[in-house]
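Peer 1: Just passing along the structure, written as structure tokens.
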Amino acid sequence: MIGTTLGERYYIVEKIGEGGMAFVYKARCKLLNRYVAIKILRDEFVDDDEFVGKFRRESQAAASLSHPNIVNIYDVGVDEREGQKIYYIVMEYIKGETLKDIIRRQGKLSVDKTIDYSIQIAEALGHAHKNHIVHRDIKPHNIMITEDGRAKVTDFGIARAVTSSTVTNTSNVIGSVHYFSPEQARGGYTDEKSDIYSLGIVMYEMITGQVPYKGDSPITVALKHIQDEIQPPKELDSTIPTNLQNIIMKSASKRQVDRYITVNELLRDLRRVQLDKDEAIIDHTAIMESPTQMIPAIKDGRSNEEEGSGKEADKENGKGNWKITVLAILLAFIVVSVSAFGFFKLRDFFKPDEIIVPDLVGMEHDEAKEEVEELGLKFSIAGEVHDDEFDIGYVVSQRNKAGEKVKPGYTIEVFISKGSNLVGVPNLTNRNRDEIRKILKEYDLVEGLVDYKHSDTVEANFIISQNPEPQSRVEKGTRINIVVSQGPEKRLITMPRLVGLTEKEAKNAIVANKLVLGQITSQPNNQYPKGIVIWQSVEQGNQLEPNTSVNIHVSSGPEEKPKPQKPKPEKPRPEEPEPEIPDPEPDPTPGGPEESGGNGGSDD
């Protein structure tokens, strides 16, 4: 089956287990993109039309159950491969292991764990019984324990369809016989108390590490359930609290009348033991009937002399015996007649003027009507309402509360369930935005508010989150709000400084900042040595989008100067005659230059 797609929707990934009734596979739902568990009926049951019919009806009924301790059933279908029909159930995929696996691994469980798991299993059964579904195959193999310690009961649909013939027809279901109630082993009537018995056996195995009855064949084990008494758990382990033992022994009583009447009563005691293990709760002592006593027949002890003398008396008495007989018959007739007459008169005299209203909630419509009319009351439907707890056609509530007194002929009005108006919310995360409306329409839901956000992990146009959450239950027509991914957010990049870096360092800086290296040009530069970046096309500090191209100029070294040229020798010029300087003429001023000196001719 691995690699096969059932119902054009469920792609089988791997086999994860098998039981007496079915093989279990892990599959992926293509529509909702989630993993599910699929149970496929074994071939030996496919040709049994009666069994298949029960299987489909009961599985569909079990799919209506919604409880945290019950594995959800999503779908029931039939497919065909190579002319062979394949009946399957699609259910919640649980990450964990069966309670049987845990018991095998640990040997036995602690008192606290035993009580905790027992309460969770009982709560699941209580919900099922309230919806008129009896499991009929409670055993550790059918109880999954999640990674966070939650117990989840599975196989409601299969177990209810199984008949007692399954025990002898299939060797693979021998394990179920260890948990059968005596009435199941006898092929008698089973009810909610049958589940309580099986839970009692499961509790016994959890706290002791073993089942109470063992045998070489299913028949041997079944007979022990009917005939043998259970060995008290404290005889196997003296540390087991007496109260817990009492609960187990009462649950696993052979007679249905000696067990808990309802699971709620069992839950009440389990919770009290959980709070105080030493509190006196149950005194489960066997009801001992007084032994049957043999009353010896009284023989005639008369002696032969007395016997002889009595014969004459008997003859005399015999004459009057017939008279006495006739008188006795006549007297009896008179007494009976008077008694009968008096009974009817007294019945009318004590006939009650008021009738107690019965509890009709949870009863099927026809059943409730019959009970009301048998009491001399009238039955009327006040209305129909949606209800998540009761199936279609069952009484949800009544105007007159149970226990009230009304006059004969009074009309009892009730409200009938139209079925659940709640639907499970599909998982929309990681689904394409374009598929959402179609998916929601299949679940009678509508699209609500749509928000958009950037995401580094979710592809653009795919759903990031939703509200309400997946698997929650809401009314039909509820709007589902979604958040759609816009893809990764485009973050601006600050341009780093490249000038002064080597060409290699500049390249690394560009790549590290998610930019693209553009054109590289070499230019001489007297300031920076060869190989150093002297210019960048985008200035440092500018904001850029990723993958922007950046050009750089790299120094090729200092600019080369031209070499100086040697001066050419000058040709000699012809010598010119020096000019003649004339002699100075005599100063005509009197006294001459010498006489004009001193103090300017002062008389001093």
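Peer 1: Quote the FRET efficiency, to the nearest 0.05, computed for Lys254 versus Arg81 with a Förster distance R0 of 56 Å and r equal to the Cβ-Cβ distance.
Peer 2: The value I calculate is 0.75.
Peer 1: Could you give each residue of segment 387-401 its phi-based ³J(HN,Hα) in whole Hz, using Karplus coefficients 6.51, -1.76, 1.60 with θ = phi - 60°, and x for Gly or Pro?
Peer 2: Using θ = phi - 60°, the values come out as 8, 7, 8, 10, 6, 4, x, 9, 6, 8, 7, 9, 5, 8, 5 Hz.
Peer 1: Kindly write out, for segment 197-209 in residue order, the coupling ³J(HN,Hα) from the Karplus curve 6.51 cos²θ - 1.76 cosθ + 1.60 (θ = phi - 60°), rounded to whole Hz, with x marking Gly and Pro.
Peer 2: 4, 4, 5, x, 5, 5, 4, 4, 5, 4, 7, 10, x
Peer 1: What spacing in nm lies between the two simple spin-label points modelled at Arg271 and Ile392, each 7 Å away from Cα in the Cβ direction?
Peer 2: Here the answer is 3.4 nm between the modelled labels.
Peer 1: Among Ile12, Leu99, Tyr25, which residue has its Cα positioned farthest towards the positive end of the charge dipole of segment 1-119, with +1 placed on the Cβ of Lys and Arg, -1 on the Cβ of Asp and Glu, and the dipole taken about the Cα centre?
Peer 2: Leu99
Peer 1: If you don't mind, there's one more thing I want to ask. Checking the a/c ratio against 1.5 first, then a/b against b/c, what shape does the Cα gyration tensor give for segment 345-489?
Peer 2: prolate
Peer 1: Give me, ordered by chain and number, the residues 5 or more places off Thr4 or on other chains with an amide H under 5 Å from its own placed amide H.
Peer 2: Ile12
Peer 1: FRET efficiency for Arg497 and His132, Cβ-Cβ distance as r, R0 = 60 Å, nearest 0.05?
Peer 2: 0.15
Peer 1: Describe numerically, in nm with one decimal, the distance between label points set 7 Å from Cα along Cα→Cβ at Val406 and at Gln486.
Peer 2: Label-label distance for Val406 and Gln486, simple model: 6.3 nm.
Peer 1: Now, a different point. Classify segment 189-272: rounded, prolate or oblate, from the alpha-carbon gyration tensor (a ≥ b ≥ c, eigenvalue square roots; a/c under 1.5 rounded; otherwise prolate if a/b is larger than b/c)?
Peer 2: Because a/c hits 1.5 or more and a/b fails to exceed b/c, segment 189-272 counts as oblate.
Peer 1: On full extension of the chain, what length is gained from Asn508 through Lys378, given 0.36 nm per residue of separation minus the C-alpha to C-alpha distance?
Peer 2: So the extension gain works out to 37.7 nm.
Peer 1: Expressed in nm to one decimal, what extension gain is obtained for the pair Lys214 and Asn430 from 0.36 nm per residue of sequence separation less their Cα-Cα distance?
Peer 2: In short, 72.7 nm is gained.
Peer 1: Here's something else I'd like to know. Quick query: amide H of Ile480 versus all other amide H atoms, modeled in the peptide plane; which residues come in under 5 Å with a sequence gap of 5 or more or a different chain?
Peer 2: Those lying under 5 Å, H to H, from Ile480 are Val446, Glu447, Gly448.
Peer 1: How far apart, in nanometres, would the label points at Asn467 and Asn33 be if each is projected 7 angstrom from Cα along the Cα-to-Cβ direction?
Peer 2: Output for this residue pair reads 2.1 nm.
Peer 1: Separate question: Counting only other residues whose beta carbon sits under 14 Å from that of Gly215, what net charge do I get with K and R as +1, D and E as -1?
Peer 2: Summing Lys/Arg as +1 and Asp/Glu as -1 gives 0.
Peer 1: Rounded to the nearest 0.05, what FRET efficiency do Ser549 and Val13 have when you use their Cβ-Cβ distance and R0 = 51 Å?
Peer 2: About 0.60, to the nearest 0.05.
Peer 1: Would you give the gap between the C-alpha center of segment 233-261 and the C-alpha center of segment 1-22, rounded to a whole Å?
Peer 2: 40 Å
Peer 1: Over 31 Å between Cα atoms: which of Lys26/Lys453; Lys113/Lys224; Lys224/Lys369; Lys85/Lys418 fall into that group? Provide the component values of the computation, followed by the final result.
Peer 2: Numbers: Lys26/Lys453 33 Å; Lys113/Lys224 28 Å; Lys224/Lys369 42 Å; Lys85/Lys418 34 Å.
Beyond 31 Å: Lys26/Lys453; Lys224/Lys369; Lys85/Lys418.
Peer 1: How much length would be gained if the chain were fully extended between Arg479 and Asn542, taking 0.36 nm per residue of separation minus their Cα-Cα distance, in nm to one decimal? Walk me through the intermediate numbers first.
Peer 2: Numbers: separation 63, 0.36 × 63 = 22.68 nm, distance 4.58 nm.
Contour length minus the Cα-Cα distance gives 18.1 nm.
Peer 1: Please list, in chain and number order, the residues 5+ apart from Ile355 or on another chain whose amide H is under 5 Å from its amide H, with Hs placed from the backbone.
Peer 2: Placed amide hydrogens put Val406, Lys407 under 5 Å from Ile355.
Peer 1: While we're looking at this one, here's another question. Taking only protein heavy atoms into account and a 1.4 Å probe, give the accessible area per residue of segment 401-499 in Å².
Peer 2: Each residue of segment 401-499 exposes 58 Å² on average to a 1.4 Å probe.
Peer 1: Does segment 1-155 classify as rounded, prolate or oblate by the C-alpha gyration tensor (a ≥ b ≥ c root eigenvalues; a/c under 1.5 gives rounded; else a/b over b/c gives prolate, otherwise oblate)?
Peer 2: Because a/c hits 1.5 or more and a/b exceeds b/c, segment 1-155 counts as prolate.
Peer 1: For Glu370, what is the net charge nearby, where nearby means another residue's Cβ is under 14 Å from its Cβ and Lys, Arg count +1, Asp, Glu -1?
Peer 2: -4
The values are calculated or read from the model by the stated rules, or taken from the named source; none is laboratory data. Owing to the predicted nature of the structure, the values given are computational and were not obtained by experimental measurement. With ideal geometry, Cβ positions are generated from the backbone for all residues, glycine too; neighbour counts draw on all protein chains shown. We work out accessible area using only protein heavy atoms, side chains counted, and drop any ligands, DNA or RNA first. Shrake-Rupley method; radii C 1.70, N 1.55, O 1.52, S 1.80 Å.
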